[in-house]
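Taking it in order: structure first as structure tokens, then the write-up.
The values are calculated or read from the model by the stated rules, or taken from the named source; none is laboratory data. All figures in this text were calculated on a predicted structure; none of them were measured in a lab. A quick note on method: Cβ atoms are made from the backbone with ideal geometry, for glycine too, and the neighbour counts reach across all protein chains shown.
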Amino acid sequence: MHPKLAVVLIVYLLIQSIENLVAFVNLKHLKRHGKKVPHGFTGFVESGELARIQAYTLAQGRLDFVASALMAMITVLFFFTPLLNWYNTWLTGLELAPVVAGILFFLLLSYAETLLQIPTGLYHTFGIEERFGFNTQTPGLWLADLGKSLLLSTVLLGVLLAGGFWLIEAAPRFWWLFFWLFFCGFSVFLLFLSPYVIEPLFNKFTPLDNPELEEKIRQVLSRAGIAVARIFVMDASRRSRHGNAYFSGIGRVKRIVLFDTLLAKSEPDEVVGILAHEAGHWKKRHILQRLVVMELVALAACYLAFQMVTGNGLATLFHLTQPTVYGKLLVLGFLGSLAGFLLRPLSNAWSRWHEWQADDFATHLTSNGPALATALVKLGRDNLANLHPHPWYVALHYGHPPLAARVARLLDQGMKR
């Protein structure tokens, strides 16, 4: 093995070790503190619920360890043995058009990844989720979702890959810039397309049949200067008993989606509080900020890809006898994922800061922070959320602040008003 490739392998294994260590510390932390009822949860979460939370988190943690070990083993076998070179050479030997070969190269890998994730996905849905009373999905519906997801990913990834490899051939010096523009337009297009084409493939959306709640929602959002086209209820209960709500779409197609499971367990003021929080993300331009940052990172990534793919250094490093563009892009993506590990805590910290801002916005908009706090308490209880995550785990995995910390802050603000 080339010394530089050995360094890459060591870095990858080190990252996997850190991930596993942090996950292990998180589970140990839960065992140590999991019997404590956080501030604001008294009366909603008692010893029985705490025991279920601990058991649910531990069960998911064990499955994550197995899934992580499996994927790490496959990654090492693929990138650090002759397997990658064999795959690259085999596809080159088919003598397909460059664009077709590039599309097929990545689509086959995506299918393989999906296939490898099926066993753990099945166990999570029909094992863990079923055992803890969350799963309402039938095997038939699970298979239908899998088929739709594969079809959708094939179409979307195929379009993106076709555009990218065509641009590499058509504009060899400036394809990085043209592809970035194409990627930007494609991303925004999906935001418009999702509410009307993608989301209805998996769920049924019906107008909210509660005039009083709808009026209350519209009044609160109007005070924030937000006009929503429609308010829908999603049949989330067909798959799970987990509850949630979100804004969907962009511009004139922006709409509110409420899980039917959320409506079944929440009071009107609690639902309004959750939506006021989501409205805070819009008013504070969090979505726009993250979209701009994502596009700027994509621009830098496209230019870096152009520079790295031009030569054969990546092919030599990973022992590719055929220095194909798609082979070099794959290994560059793998190296980029290693660098992304270092940026993840920063990205998560930025996201958590946005969540604090959205909570503050909701408190001021509704003048009822305790209602949002109660809504979060119920969501945490009903979803068996870990109420005592370790700070290391939060830094590495949490885009939201820990639930107990959010509830405590909302209640403290309510007492000061």
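Contact map, the range 99-118: first residue farther than 17 Å from Lys148 by Cα, second residue acidic (Asp, Glu), Cβ cut-off under 9 Å, separation 6 or more or different chains; pairs are Val99/Glu169; Ala101/Glu95. Residues of the range 395-406 that are under 16 Å from Gln60 (Cα atoms) and not aromatic (Phe, Trp, Tyr): His397 alone. Taking residues in the range 365-390 that are within 30 Å of Glu130 (Cβ to Cβ), and partners anywhere that are part of a loop (DSSP other than H, G, I, E, B) and polar (S, T, N, Q), the pairs with Cβ atoms closer than 9 Å and at least 6 places apart or on different chains are Thr374/Ser266; Ala375/Ser266; Lys378/Ser266; Leu379/Asn244; Leu379/Ser266; Gly380/Asn386; Asn383/Asn244.
Within the range 119-135, the only residue that satisfies the criterion of being in a helix (DSSP H, G or I), over 13 Å from Leu70 (Cβ atoms) and aromatic (Phe, Trp, Tyr) is Phe126. Checking the stated criteria, Leu104 turns out not to satisfy the condition of being at pLDDT 95 or above, surrounded by fewer than 13 Cβ atoms within 10 Å (Cβ to Cβ) and in a helix (DSSP H, G or I). Inside the range 263-282, can you point out the residues that are touching a strand residue (DSSP E or B) at 6+ places or on another chain (Cβ under 9 Å), free of Cβ contacts under 8 Å to residues at least 60 places away in the same chain and within 25 Å of Phe134 (Cβ to Cβ)? Hits for the range 263-282 are Leu263, Leu275.
Can you tell me which residues in the range 283-324 are surrounded by fewer than 19 Cβ atoms within 10 Å (Cβ to Cβ), aliphatic (A, V, I, L, M) and in contact (Cβ under 8 Å) with a residue 60 or more places away in the chain? If the condition is that a residue be surrounded by fewer than 19 Cβ atoms within 10 Å (Cβ to Cβ), aliphatic (A, V, I, L, M) and in contact (Cβ under 8 Å) with a residue 60 or more places away in the chain, then Leu291, Met294, Ala298, Leu299, Leu317 are the ones that fit. Of the helices (runs of 4 or more DSSP H) lying entirely inside the range 158-274, those carrying at least 1 residues that are acidic (Asp, Glu) are 211-223, 260-265.
Scanning the range 159-182 for residues that are touching a residue at least 12 places away in the same chain (Cβ under 8 Å), farther than 11 Å from Val99 by Cβ and of a type outside the set (Phe, Trp, Tyr) returns Val159, Leu160, Leu177. Residues in the range 350-384 that are among the small types (Gly, Ala, Ser) and crowded, with 19+ Cβ neighbours inside 10 Å: Ala358, Ala362, Gly369, Ala371, Ala373, Ala375, Gly380.
If you go through the range 220-240 and keep only what is of a type in the set (D, E, K, R), modelled with pLDDT of 80 or more and touching a Lys or Arg at 6+ places or on another chain (Cβ under 9 Å), you end up with Asp235, Arg238.
Looking across Val37, Val99, Val45, one residue alone is crowded, with 16+ Cβ neighbours inside 10 Å and under 22 Å from Ile168 (Cα atoms). It is Val99.
Screening Ala55 against (1) under 24 Å from Arg344 (Cβ atoms); (2) among the hydrophobic types (A, V, I, L, M, F, W, C); (3) surrounded by 12 or more Cβ atoms within 10 Å (Cβ to Cβ) leaves a single unmet condition, (1). Once the range 349-398 is narrowed to residues that are of a type in the set (Lys, Arg) and under 22 Å from the mean Cα position of the chain (by Cα), the residue that is nearest to Val272 (Cα to Cα) is Arg381.
With the structure loaded, tell me whether Leu275 is surrounded by 15 or more Cβ atoms within 10 Å (Cβ to Cβ), among the aliphatic types (A, V, I, L, M) and over 30 Å from Ser240 (Cβ atoms) or whether it fails that test. Judged against the criteria, Leu275 is not a match.
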